[in-house]
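Trainee: Here's a structure for you.
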Amino acid sequence: MRKDKSKSKHADDHLSRLSKLIEKPGTPLEGIFEKLVNQIPLAWQYPEITCARIIFGNKEFKADNFKDTKWKQSADVMVYGEKAGCVEVCCLEEKPESYEGPFLKKERDLLETVAGLLGRIIERKKAGDKLREGKAKFRDFLDHISDGIYRLNKDGYFTFVNKVIVDRSGIPPEKFYTLHFLDIVMPEYHEIVKRNFERVIGGEETNPYELSYKRADGRILNVEVYTKPIYEGGIVIGLQGVSRDITERKKIEELLRESEQRFRCIFDLSPQAIALTELETGKIIDVNNKYCELTGYEKEEIIGRTSIEIGHFSEDDRDTFTKELKSKGYVYGFEKDFRSRDGSVINSLMFSKIIQAGRDNFIITIFIDITLRKQAEEKLLQYRKHLEEMVKERTAELEKANMELTEAKERFQTLSGSLLKIMEDQRRHIARELHDEIGQQLTVLKINLQNAQQLSNSKECPKPLNDTMAIVESLVQVVRNLSLELRPSVLDDLGLAPALRMYVKRLEKEAGVAINFVADSLYHRLPPDIENACFRVAQEALTNVIKHSKAQKVGIELRQVENKLQLTIFDDGIGFDVQSALEQAKMGRSFGLLGIHERIFLAGGKIKIESTPKKGTKIQAYFPLHEES
C-alpha cells in the first residue's frame, strides 16, 4: 500500500499543536480534555469519519461526533505508573484493506504519544496542585502560629509579614511593605537593632535580644527577636526574623520583682526566725534578722555553712529530718533543741517546706522559739505533780470520810430497820392488848349491862343505863379500830392480800370513796418484812389520797412481776408537784412521803411517783421477793 507522505506530515504537525495545547500553563485538566478530544481526529488521515473519546477516572470527554464502533484503537493514560484512564479513537465506517485498514501505523503511534502527553500533564498538574496546597498550608501555618514571622531585604524594608505581625501591630499588610524596620522600633532600640541587622546581613549568627515597638494605636509592645540570614545561591539576600510577644512575661517579671521585694520585706521583718537552705547540700544561703537575734550569730558567720557545721543538727538528726521532708515535701511542728552562740539551749518548733527556684530545690524553715513555753510547761508539770499529791491526800481523806459515812448510813439503816421492827412489834403487842384485854373486859361490861337491863323491874330501862350501854358499844368499836390501825391480825394470820382487802373495805365505808382493789393470787406467804413494808406503804398512800387528793375514784393493784412484788396506787384527784413534795420530805415537812420512801428503801425496793396537777397521781412500788435481789 502506498504511503501518503503528505498525510504523515499533517499528523506530525497536528501532534505538535496538540503538545502545545496540552502543555499550555494555567489550563485546567477538564479544559484540556474538552479541547483535545475534538482536535485528535484532525491528525488522522480520514478526519471526517474519525471521532475520539477520553476516559479519566469516572468521567468521559467525547468529540461532538463521537460514536462507539468496532473499528477503534485505544491507549492507556498512565499516571505515576498506574492506569488513570485511556484515549480512544473510533472510525465511523469501514475502509478497504488496500488503504491499510481504517488506521495508519503512524496514527497508532500518535495515539500512544497523546496518551503519554496526557499522563505527564496530569502528573504535572497534580504536583502543581500539591505544591500550591503545601504553600497554602505553610502560609496558613505562618498565619496561625503564636509568633510573628517577617522578612527584610538587604535595605531593611519588609518583604513579608504573617498575620500575627499584622494583628499585633495594627498596621495593614500593604503599608508594611513600604516601611523600614526602624520606622516601627522605639528610638532607644535603634542602635542595637541596626547592629544586629548589619551582622546578620554580613552572614553572622546572633543571639536573641529584646526590643519594644509602637502599635498603630500608640500602645507599646515588648518582643523577643530571633534573626538569621536568608541565602540564595550562597549569597545573603535578606533577613528572616521571629518576634515573640513578651509583654505578659514582662508584666509577670515585674510582678515577680515586686513579689520578691515584698517577700524580702516580710522575710527580714518577720517576728519568727527564718532560714533558707539548699536541699541537697544543706548549706544556708539566707537567714533573716530574727534568726541572727535568736542564735546570736551574724549573717556572715552563717551563710555558706551547714546546720551541722554550726552545731544546730547532728548528722543523724539531719538525715532523719531530710528523709521525712523529701517523702512528704514538708515537715510541720518538728521539735528541736539547739544551742545558740553563747551555749544556751533554745527550744524550737520547726516548720519546713521544699520550694523550687529554677532547677534547684531549697528548704525554707520557720523557727518558733518555745523556750519560755517549755519552761512554763515544766513549772506546770511540777504544779501538776504537787496538785496530784494534794488530790491523793484529799481523796484518801474523802474515802475515809465516805467510809465513815457509809458505816454511819448502814448503822442508821440498821437502826431504822430495828426501830420499825420494834414499832411493828409494839403495834402488834398493843393491838393484842387492846383486843384481848381491854376489848374482852369491855365486852364483859357490855354483857353485864345487858343483863342489868333485863333484870330491871321497871318497864323502861333507866336513861343512865342506856347511855352507859351506848358508851360501852362506842368504846368497843374504838378499841377494835385502834387494834386494826395498829396491826390487823389478819396480816399475821392470812397474809398481805386479805389484810389489804379488809383495810380497803373499812376505808371505803369510813371515807365514802370507791376503791377498786385487784390482787394476783400469791401461792405462798411473803417474807414478813415485805408484807409489813407493803401494807404500811399502801396504808400511808391511801390515807394521803383520802386526806388530800379529793379523788372520786381510787385503785390499788397488787401483782407479782417475775421476782418482784409490784404495788400500784392511783387516783383521779387534784395531783401535786412531785419534786416539790420530795424536797419538803427531805426537809422533814412531809413525814408521810418520807416514811413511804424509808420503808421501801429499807426493804430493798424502789418507788416511782407520777403526778400531774388536776389529772391525778400514780404511785408504783417494787419489793424484791428473793434474798439475792
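Trainee: Of these, 536, 589, 599, which one is at pLDDT below 85 and over 20 Å from residue 496 (Cβ atoms)?
Mentor: Among 536, 589, 599, only 589 is at pLDDT below 85 and over 20 Å from residue 496 (Cβ atoms).
Trainee: Can residue 283 be described as at pLDDT 80 or above, of a type outside the set (Gly, Ala, Ser), surrounded by 13 or more Cβ atoms within 10 Å (Cβ to Cβ) and farther than 24 Å from residue 370 by Cβ?
Mentor: Judged against the criteria, residue 283 is a match.
Trainee: Consider the stretch 324-337. How many of its residues are over 30 Å from the mean Cα position of the chain (by Cα) and open to solvent by 30 Å² or more (accessible area, probe 1.4 Å)?
Mentor: Summing the residues that are over 30 Å from the mean Cα position of the chain (by Cα) and open to solvent by 30 Å² or more (accessible area, probe 1.4 Å) in the stretch 324-337 gives 2.
Trainee: Restricting to the stretch 281-311, name every residue that is under 40 Å from the mean Cα position of the chain (by Cα) and in a loop (DSSP other than H, G, I, E, B).
Mentor: 281, 282, 288, listed by residue number.
Trainee: Looking for whichever is in contact (Cβ under 8 Å) with a residue 12 or more places away in the chain, under 60 Å from the mean Cα position of the chain (by Cα) and over 22 Å from residue 598 (Cβ atoms) here; the options are 573, 555. Which one fits?
Mentor: Unique residue meeting the criteria: 573.
Trainee: Restricting to the stretch 256-280, give me the number of residues that are open to solvent by 30 Å² or more (accessible area, probe 1.4 Å), more than 30 Å from residue 221 (Cβ to Cβ) and in a helix (DSSP H, G or I).
Mentor: 5
Trainee: I've got another one for you. Among what's in the stretch 343-375 and is open to solvent by less than 50 Å² (accessible area, probe 1.4 Å) and more than 40 Å from the chain's Cα centre (by Cα), pick the residue that is modelled with the lowest pLDDT.
Mentor: 343
Trainee: When the residues of the stretch 182-202 are filtered to those that are out of contact with any helix residue (DSSP H, G or I) (no Cβ under 8 Å at 6 or more places or on another chain) and of a type in the set (Lys, Arg), which remaining residue is most open to solvent (accessible area, probe 1.4 Å)?
Mentor: 195
Trainee: Just a yes or no: is a residue in the stretch 390-410 hydroxyl-bearing (Ser, Thr, Tyr), open to solvent by 100 Å² or more (accessible area, probe 1.4 Å) and either in a helix (DSSP H, G or I) or farther than 30 Å from residue 598 by Cα (or both)?
Mentor: Looking for residues that are hydroxyl-bearing (Ser, Thr, Tyr), open to solvent by 100 Å² or more (accessible area, probe 1.4 Å) and either in a helix (DSSP H, G or I) or farther than 30 Å from residue 598 by Cα (or both), one finds none in the stretch 390-410, hence no.
Trainee: Of everything in the stretch 540-565, what is surrounded by fewer than 18 Cβ atoms within 10 Å (Cβ to Cβ) and polar (S, T, N, Q)? Give them in sequence order.
Mentor: Matches in the stretch 540-565: 543, 552, 560, 563.
Trainee: Here is a follow-up. From the list 90, 86, pick out the single residue that is closer than 22 Å to residue 122 by Cβ and outside any helix (DSSP H, G or I).
Mentor: Every option except 86 fails the conditions.
Trainee: Looking for something in contact with a strand residue (DSSP E or B) (Cβ under 9 Å, 6 or more places away or on another chain) and in a strand (DSSP E or B) - is there at least one such residue anywhere in the stretch 314-328?
Mentor: No, there is no match, as no residue in the stretch 314-328 is in contact with a strand residue (DSSP E or B) (Cβ under 9 Å, 6 or more places away or on another chain) and in a strand (DSSP E or B).
Trainee: Could you tell me which of the residues 340, 314 is over 34 Å from the mean Cα position of the chain (by Cα), small (Gly, Ala, Ser), surrounded by 13 or more Cβ atoms within 10 Å (Cβ to Cβ) and at negative phi?
Mentor: Only one candidate qualifies: 340.
Trainee: Just wondering, is there one or more residues in the stretch 376-385 that are in contact with a helix residue (DSSP H, G or I) (Cβ under 7 Å, 6 or more places away or on another chain) and surrounded by 13 or more Cβ atoms within 10 Å (Cβ to Cβ)?
Mentor: no
Trainee: Step by step: first the residues of the stretch 48-87, then only those that are among the polar types (S, T, N, Q) and farther than 17 Å from residue 107 by Cα, then the one that is most open to solvent (accessible area, probe 1.4 Å). Which residue is that?
Mentor: 58
Trainee: Let me ask you something else. Tell me whether the stretch 173-183 contains one or more residues that are assigned to a strand (DSSP E or B) and within 16 Å of residue 223 (Cβ to Cβ).
Mentor: no
Trainee: Could you identify the single residue in 522, 507 that is open to solvent by 30 Å² or more (accessible area, probe 1.4 Å), over 21 Å from residue 609 (Cα atoms) and in contact with a strand residue (DSSP E or B) (Cβ under 8 Å, 6 or more places away or on another chain)?
Mentor: 522
Trainee: Can you run down the residue pairs with Cβ atoms below 9 Å, 6 or more apart or on separate chains, where the first is in the stretch 116-136 and assigned to a helix (DSSP H, G or I) and modelled with pLDDT of 80 or more and the partner is surrounded by 11 or more Cβ atoms within 10 Å (Cβ to Cβ) and aromatic (Phe, Trp, Tyr)?
Mentor: Sorted first by the residue in the stretch 116-136, then by its partner, the pairs are 118/33; 118/56; 122/56.
Trainee: Another question, if that's okay. Given the options 224, 210, 248, 253, name the one that is farther than 30 Å from residue 310 by Cβ, assigned to a helix (DSSP H, G or I) and open to solvent by less than 70 Å² (accessible area, probe 1.4 Å). Steps first, answer last, please.
Mentor: Values: 224 fails: assigned to a helix (DSSP H, G or I); 210 fails: assigned to a helix (DSSP H, G or I); 248 fails: open to solvent by less than 70 Å² (accessible area, probe 1.4 Å).
The match here is 253.
Trainee: Now for a separate question. So which residues in the stretch 556-578 are in contact with a Phe, Trp or Tyr (Cβ under 8 Å, 6 or more places away or on another chain) and closer than 18 Å to residue 510 by Cβ?
Mentor: Result: 556, single match.
Trainee: Can you confirm whether the stretch 231-243 contains a residue that is modelled with pLDDT under 85, open to solvent by less than 30 Å² (accessible area, probe 1.4 Å) and in contact with a helix residue (DSSP H, G or I) (Cβ under 8 Å, 6 or more places away or on another chain)?
Mentor: No, the conditions are met nowhere in the stretch 231-243.
Trainee: How many residues, within the stretch 514-548, are closer than 13 Å to residue 599 by Cβ, aliphatic (A, V, I, L, M) and free of Cβ contacts under 8 Å to residues at least 40 places away in the same chain?
Mentor: 1
Trainee: How many residues are assigned to a strand (DSSP E or B) and open to solvent by 20 Å² or more (accessible area, probe 1.4 Å) when one looks only at the stretch 150-172?
Mentor: 6
The values are calculated or read from the model by the stated rules, or taken from the named source; none is laboratory data. In this text the structure is predicted, and so the values were computed from the model without any measurement. For neighbour counting, all protein chains shown are included, and Cβ atoms are generated from backbone atoms with ideal geometry for every residue, glycine included. Just the protein is used for accessible areas: all its heavy atoms, side chains included, with ligands, DNA and RNA removed. Shrake-Rupley method; radii C 1.70, N 1.55, O 1.52, S 1.80 Å.
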